[in-house]
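The values are calculated or read from the model by the stated rules, or taken from the named source; none is laboratory data. All values derive from a computational prediction rather than experimental measurement. With ideal geometry, Cβ positions are generated from the backbone for all residues, glycine too; neighbour counts draw on all protein chains shown. Keep in mind that these areas ignore ligands, DNA and RNA; they rest on the heavy atoms of the full protein, side chains included. Shrake-Rupley method; radii C 1.70, N 1.55, O 1.52, S 1.80 Å.
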Amino acid sequence: MGITLKDVASQAGVNVATASRALSTDKQSLVKPSTRLRVLEAANALGYRGNLQASALRRGRTGTIGVVVADLSNPFFGPVFRGIANALSSRDLLPIMSESRDSSEELATICDKLLAQRVDGLIVAAGRDRDRNLLRRVADEVPLVLAVRELPGSGIRTVAHDDVAGGRLAAEHLLSLGHRHVGQLIGPQDISSFEARRRGFRDVIEAAGGECIDVDGVPDNATFEAGEQLATALLARFEERPTALFAHNDSIAIGAIETMRASGLECPGEISVVGFNDVPLSDRVRVPLTSIRLPGHELGRLAAELVSSDIEGTESTTAKVMLTPELVVRESTAPPRNT
């Protein structure tokens, strides 16, 4: 037979009602701190966990938050999820993580299952433009925060990065090295992050009188394999090769560098490459990658705080939080050889 609340009360030298209040997040303030500490020590010593599900149902909550990311193989999401988990833990909330594989059909299935599990809220870091109606419906049912990717005009609260500013930083860096004929390896354009990066980069290059080639139309996902495909398309389609490339994330950048290396092009000697996200280990690849660093942990923390505030009924007036990116210069960029 398992440890009961009566066992805890006996061990702590209090009655069952006092033990129950001491272990309740809603009623613990009714118990003297010294008594509550004695009860907690007794519960820990005996291994008492209580009936969390019954407690959640009494409060009308489950204490769980659904978290949906696009691609678990993308190392950028590690710090984001850690920020979410740390912030939720401090509020006695448990994240339940799922992966959509950047599929709208999978995202819809996951959302329906999480809603059926009665999660208290959702953080979605996997939305594409075509998911707008789905996510609006979900936001009508539970508190929802979009993370990393935004859906402009959706009315859903969002924590994201300033991707336009990130694209500008990449362009300004390459221009400062003397590059004027550059290219972009484009991520899927129904994802707001990639569209904004494209716009920010191109605007700065063209304003400086430079030439920008956009290579797109290949990937539906921004992966290492997409980088290989985009680099192959670049080498096949353009006789006058750009002296530098801006890849819309680090996976694309690394895939492109490896493809060009296999074709005899060295980075940065013959072509410079800037990535985006500054994922863990991007400084440990064959050519340490110049990248645009995004504060993933901070983004996750803020998203968790927003959804928690909504659940607690203290919703702020903040509709969108935009975090500032940072340029990190490493060995994958250098001046073009003819300068």
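Within the range 189-220, the set of residues being in contact with a Lys or Arg (Cβ under 8 Å, 6 or more places away or on another chain), open to solvent by 10 Å² or more (accessible area, probe 1.4 Å) and not β-branched (Val, Ile, Thr) comprises Gln189, Asp190, Ser192, Asp203, Ala208, Gly209, Gly210, Glu211, Cys212, Asp214. Taking the criterion of being small (Gly, Ala, Ser), touching a residue at least 12 places away in the same chain (Cβ under 8 Å) and closer than 23 Å to Thr223 by Cβ, the residues of the range 84-104 that qualify are Ser98, Ser100, Ser104.
Looking at the structure I just gave you, is Val159 modelled with pLDDT of 95 or more and buried (at least 20 other Cβ atoms within 10 Å of the Cβ)?
Values: modelled with pLDDT of 95 or more: yes; buried (at least 20 other Cβ atoms within 10 Å of the Cβ): yes.
In short, yes.
Pick from the range 263-272 the residues that are of a type in the set (A, V, I, L, M, F, W, C) and modelled with pLDDT of 95 or more: which of them is surrounded by the fewest Cβ atoms within 10 Å (Cβ to Cβ)? My answer is Cys267.
Restricting attention to the range 226-282 and to residues that are in a helix (DSSP H, G or I) and among the polar types (S, T, N, Q), the residue that is nearest to Ala170 (Cα to Cα) turns out to be Ser251.
Being among the hydroxyl-bearing types (Ser, Thr, Tyr), open to solvent by less than 10 Å² (accessible area, probe 1.4 Å) and either without any contact (Cβ under 8 Å) to a residue 24 or more places away in the chain or in contact with a helix residue (DSSP H, G or I) (Cβ under 9 Å, 6 or more places away or on another chain) (or both) is a description that does not apply to Ser154. Pairs linking a residue in the range 105-133 that is on the phi > 0 side of the Ramachandran plot to a residue that is surrounded by fewer than 13 Cβ atoms within 10 Å (Cβ to Cβ), with Cβ atoms under 6 Å and 6 or more positions apart or on different chains, do not occur. Quick check on my filter: what residues within the range 23-44 are open to solvent by 50 Å² or more (accessible area, probe 1.4 Å) and either assigned to a helix (DSSP H, G or I) or in contact with a Pro (Cβ under 6 Å, 6 or more places away or on another chain) (or both)? If the condition is that a residue be open to solvent by 50 Å² or more (accessible area, probe 1.4 Å) and either assigned to a helix (DSSP H, G or I) or in contact with a Pro (Cβ under 6 Å, 6 or more places away or on another chain) (or both), then Gln28, Ser29, Leu30, Pro33, Ser34, Arg36, Leu37, Arg38, Leu40, Glu41, Asn44 are the ones that fit.
Does at least one position in the range 177-186 carry a residue that is under 17 Å from the mean Cα position of the chain (by Cα), among the polar types (S, T, N, Q) and buried (at least 16 other Cβ atoms within 10 Å of the Cβ)? Spell out the reasoning first.
At the first step, the residues of the range 177-186 found to be under 17 Å from the mean Cα position of the chain (by Cα) are none.
There is no residue in the range 177-186 that is under 17 Å from the mean Cα position of the chain (by Cα), among the polar types (S, T, N, Q) and buried (at least 16 other Cβ atoms within 10 Å of the Cβ).
Quick one: is Leu327 outside any helix (DSSP H, G or I) and in contact with a helix residue (DSSP H, G or I) (Cβ under 8 Å, 6 or more places away or on another chain)? So Leu327 passes the test. Considering Arg202, Arg197, Arg237, Arg241, the condition of being touching an Asp or Glu at 6+ places or on another chain (Cβ under 6 Å) and among the basic types (Lys, Arg) is satisfied by Arg197 alone.
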